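J.: One structure is given below, represented as structure tokens, and several questions about it will come after.
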Amino acid sequence: MTQTLVEAVELEATEPSGGRRAADSPDSMRRALIFMSRYGTLIFLAVLVVLFAVLSEIILGNQRFLTGANVSLVLRQSAVLAILAGGLTVVLLLGEFDLSIAATLTLGGAMFAQFAQGSYVITWPTIPFTDIGGGAVFGASWQSTALVALIAALVFGFIVGVVNGIVVSYFGVTAFIATLGVAGIVDGYLVRLSDGRSVQLPAEITGTVQGTLFGWRAPSSWKWVVEPFGKTLEIDLGGLSVPIIAVAALAVLAVLWVFLNQTEAGRRMDAVGGNAEASRLAGINVRRYRLAAFVICAVVASFAGIMLAAGRTGSAVTLVGNQGSYLLQAFTACFLGAVSLKEGEFHIVGTLIGVALMTVTFSGLIILGVPGYAQTIANGVILVAALTFAGLARRAAAST
């Protein structure tokens, strides 16, 4: 026993001092690559904020990016996309697609405006050859209230989600084809509804939704001067406010996060997305949860349309093409989120990070005077670059 210990000590003494470090090096490299694959999007977001702030000072001569007014604008602009992408995350989590979200968003805003304006009234059907029926179900004046308009718009979104879910889950139609077809149906219905004209919302509704939380604004003393890399950089957050629609977006995302992470139904949806066949064998009604996912996505998309109409534009359009860019943006945000914090898994927090990355990029490019087409290009470049980087880092970490 003593001889064995002596031999072990002598062997350790003769081992090169760099041997252990060489053995640990691959593990350290692997951990670094995994870290970058998970947190690279957050790091890139921080770099973009600093980059746009510095470029604003250099190119424009004064700070226009890190200001209270611009931060408030970014919050307002990102709210609708955050809501829409949050609902889409639920469907993507189950391994499905929903290409009707832009149409549902437009439908939600249009129906909300139609009801709020009083130009769309639910009536009883008329019984043939009699004078029975034909009147308003709840009374025309009562139906034009904001609450009824909100509920009615969400019901229309609910109907779209049910149709999507039944066709995909119970009829076995591919989600790509089914939701694309439903989007066309909704588009046609919207054109029939008002011939493609925009519908103005009442001023009392837009005045409330376009307001700020408690009317609060940051004092002018919220101003700091920092000197990164020897350059003077001014951060002036005076006048910063929190838009109501940003609060609404945060509330929707919080509800979705709690549902997916803290409820049995949410955990079962996650299981279905991970392995549908294993979930079915475990007794989970896969079809029902897929249907529920499409319904949630459509209702949330409808709410996003309401927030867009009431909280930003003040009117609702009835042409899906005017909102078509939201389709690509929502998918981009979700896929960016899938490479943030977790490895290739769609989740609400990651989607929020993706939305922030896109909105900050667009805001910085606009401030710097970059043309609109370049912003669209940047949208695609960010998505491809982020997914490529995360994939390369993950494969490198696996082979290390």
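The values are calculated or read from the model by the stated rules, or taken from the named source; none is laboratory data. Please read these numbers as outputs of a predicted model, since none were measured by experiment. Note that each Cβ is placed from the backbone with ideal geometry, even for glycine, and that neighbours are counted across all protein chains shown.
J.: Tally time: how many residues in segment 56-69 are assigned to a helix (DSSP H, G or I) and touching a Phe, Trp or Tyr at 6+ places or on another chain (Cβ under 8 Å)?
T.: Matching residues across segment 56-69 total 2.
J.: Do we find that residue 153 is in a helix (DSSP H, G or I), small (Gly, Ala, Ser) and modelled with pLDDT under 90 in this structure?
T.: Taking the combined requirement at face value, the residue does not satisfy it.
J.: A follow-up question, please. So in segment 167-185, with the set limited to residues that are surrounded by fewer than 22 Cβ atoms within 10 Å (Cβ to Cβ) and among the aliphatic types (A, V, I, L, M), which one is farthest from residue 105 (Cα to Cα)?
T.: Here the residue is 173.
J.: Being of a type in the set (Gly, Ala, Ser), closer than 19 Å to residue 297 by Cα and out of contact with any helix residue (DSSP H, G or I) (no Cβ under 7 Å at 6 or more places or on another chain): is that true of residue 188 here?
T.: No, not satisfied.
J.: Anything in segment 285-310 that is within 17 Å of residue 172 (Cα to Cα), surrounded by fewer than 24 Cβ atoms within 10 Å (Cβ to Cβ) and not hydroxyl-bearing (Ser, Thr, Tyr)? List them, or say none.
T.: Of everything in segment 285-310, those that are within 17 Å of residue 172 (Cα to Cα), surrounded by fewer than 24 Cβ atoms within 10 Å (Cβ to Cβ) and not hydroxyl-bearing (Ser, Thr, Tyr) turn out to be 285, 286, 287, 288, 291, 292, 295.
J.: If you check 72, 78, which single one turns out to be of a type in the set (Gly, Ala, Ser), part of a helix (DSSP H, G or I), surrounded by 15 or more Cβ atoms within 10 Å (Cβ to Cβ) and touching a helix residue (DSSP H, G or I) at 6+ places or on another chain (Cβ under 6 Å)?
T.: 78
Yes or no, residue by residue, for (1) among the hydrophobic types (A, V, I, L, M, F, W, C); (2) out of contact with any helix residue (DSSP H, G or I) (no Cβ under 8 Å at 6 or more places or on another chain):
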{"residue": "276", "(1), (2)": "yes, no"}
{"residue": "279", "(1), (2)": "no, no"}
{"residue": "283", "(1), (2)": "no, yes"}
{"residue": "304", "(1), (2)": "yes, no"}
{"residue": "310", "(1), (2)": "yes, no"}
{"residue": "314", "(1), (2)": "no, no"}
{"residue": "319", "(1), (2)": "yes, no"}
{"residue": "326", "(1), (2)": "no, no"}
{"residue": "331", "(1), (2)": "yes, no"}
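J.: Hey, another quick one. Can you find a residue that is more than 29 Å from residue 29 (Cα to Cα), assigned to a helix (DSSP H, G or I) and among the small types (Gly, Ala, Ser) anywhere in segment 329-336?
T.: Within segment 329-336, one or more residues are more than 29 Å from residue 29 (Cα to Cα), assigned to a helix (DSSP H, G or I) and among the small types (Gly, Ala, Ser).
J.: Same structure again: Can you tell me which residue is nearest to residue 245 (Cα to Cα) among those in segment 318-353 that are in contact with a Gly (Cβ under 6 Å, 6 or more places away or on another chain) and of a type in the set (Ser, Thr, Tyr)?
T.: Out of the qualifying residues, it is 351.
J.: So residue 315 passes all but one of these: (1) touching a Gly at 6+ places or on another chain (Cβ under 6 Å); (2) farther than 19 Å from residue 274 by Cβ. Which condition number does it fail?
T.: Unmet for residue 315, out of (1) touching a Gly at 6+ places or on another chain (Cβ under 6 Å); (2) farther than 19 Å from residue 274 by Cβ: (1).
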